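The values are calculated or read from the model by the stated rules, or taken from the named source; none is laboratory data. Everything numeric here is computed off the predicted structure, so don't read it as measured data. Methodologically, a virtual Cβ is constructed for each residue, glycine included, from the backbone with ideal geometry; neighbour enumeration extends over all protein chains shown. To get the accessible areas, we keep the full protein, side chains included, count just its heavy atoms, and leave off ligands, DNA and RNA. Shrake-Rupley method; radii C 1.70, N 1.55, O 1.52, S 1.80 Å.
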Amino acid sequence: MNNKTLWILALALCSTPAWAANPFEQQLLNTLKQGVQEKVTGKPATPVEEETAIGRQIAGNLLGAAPLVKDAKLQKYVNNVGRWVANQSERPELEWHFGVIDSNDVNAFAAPGGYIFVTRGLYRLLQSEAELAGVLAHEVGHVIRQHHLKILQQSKLIDLGSQLVAKQVGGNDKVQGLIGSGAEIVSRSLDKDAEFEADRIAVVLATRAGYDSFGLPAVLQQIGHFAKNDGDVALLFKTHPHPDDRLGKLGAAMDDRFDGVKGKTLEKRLYRIK
Ligand SMILES: [Zn+2]
């Protein structure tokens, strides 16, 4: 990514909607701005810096559409669980950020570079910390395998960004349009194999982190009970294989491998949203 593209990112961040003075949001916003400023003046970005910058702009855009739940303890708790799980992955060095966004939809999102969000609607379904770990670990799986990044690279959105600046037509609307597409891509379907892969990674990471291996399967089971036409799960069902199919694939992959593993469920430690 060249400096001109990074200026696009800087412009985009300036035009994201105003944030509430929630300490977590403020911290995240500062990190976003600081990261871009550093790179605008610095040397050419490394692939990981580029990946993180792309994720950062998409995360900013998602949060502009649906802000974080205003509960600093909740956000800190989700970051603790998420970072512990991500630390078990092959990319512990990424700057992982986790958050619960204020939406009744049942869904979760991952943006490149380690930005992961679950909705309040999904969080409310959780019965234990192991289930939270399983859900976050599925998204961690998307990040470490760069599922969304690969789509973004294929779609040449990144090149388009440089061209916009080169032609001096990079007004704010265009920039927003560009980044809007990025956010749309993150909430769009990946291929089914990528989803099944993320499920398998999730079980391994959650187990490695010391949690009961069946956290994610338990959540899938619960989501499978929603009616197909229920508005709260419409997007999730559109973008992921049906939970029953995911359970079937995951069950076959897990076989009896995890039967003797005694991980923790930690029902009481799950932070409950007020
Ligand atoms: Zn997924």
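Quick rundown of the values:
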{"read-out": "Residue tally, condition more than 27 Å from Ile151 (Cα to Cα) and at pLDDT below 90, over the range 180-227", "value": "1"}
{"read-out": "Of the criteria (1) acidic (Asp, Glu); (2) outside any loop (DSSP other than H, G, I, E, B); (3) closer than 16 Å to Val81 by Cα, which one Asp244 fails", "value": "(3)"}
{"read-out": "The range 254-265 residues that are assigned to a loop (DSSP other than H, G, I, E, B), paired with ones that are surrounded by 10 or more Cβ atoms within 10 Å (Cβ to Cβ) and of a type outside the set (S, T, N, Q) (beta carbon under 6 Å, 6 or more apart)", "value": "Gly263/Gly210; Gly263/Tyr211; Gly263/Asp212; Thr265/Ala130; Thr265/Asp212"}
{"read-out": "Filter result for the condition that a residue is open to solvent by less than 10 Å² (accessible area, probe 1.4 Å) and touching a residue at least 12 places away in the same chain (Cβ under 8 Å), over Leu94, Leu125, Leu152", "value": "Leu152"}
{"read-out": "Within the range 101-130, considering residues that are of a type in the set (Ser, Thr, Tyr) and farther than 18 Å from Pro243 by Cα, the one farthest from the ligand (Cβ to nearest atom)", "value": "Ser128"}
{"read-out": "Some residue of the range 155-166 being of a type in the set (D, E, K, R), open to solvent by 30 Å² or more (accessible area, probe 1.4 Å) and modelled with pLDDT under 55", "value": "yes"}
{"read-out": "Residue check, Asp71 open to solvent by 30 Å² or more (accessible area, probe 1.4 Å) and touching a residue at least 12 places away in the same chain (Cβ under 8 Å)", "value": "no"}
{"read-out": "Exclusive hit being at pLDDT 85 or above, part of a loop (DSSP other than H, G, I, E, B) and open to solvent by less than 10 Å² (accessible area, probe 1.4 Å), set Val85, Val106, Val100, Val78", "value": "Val106"}
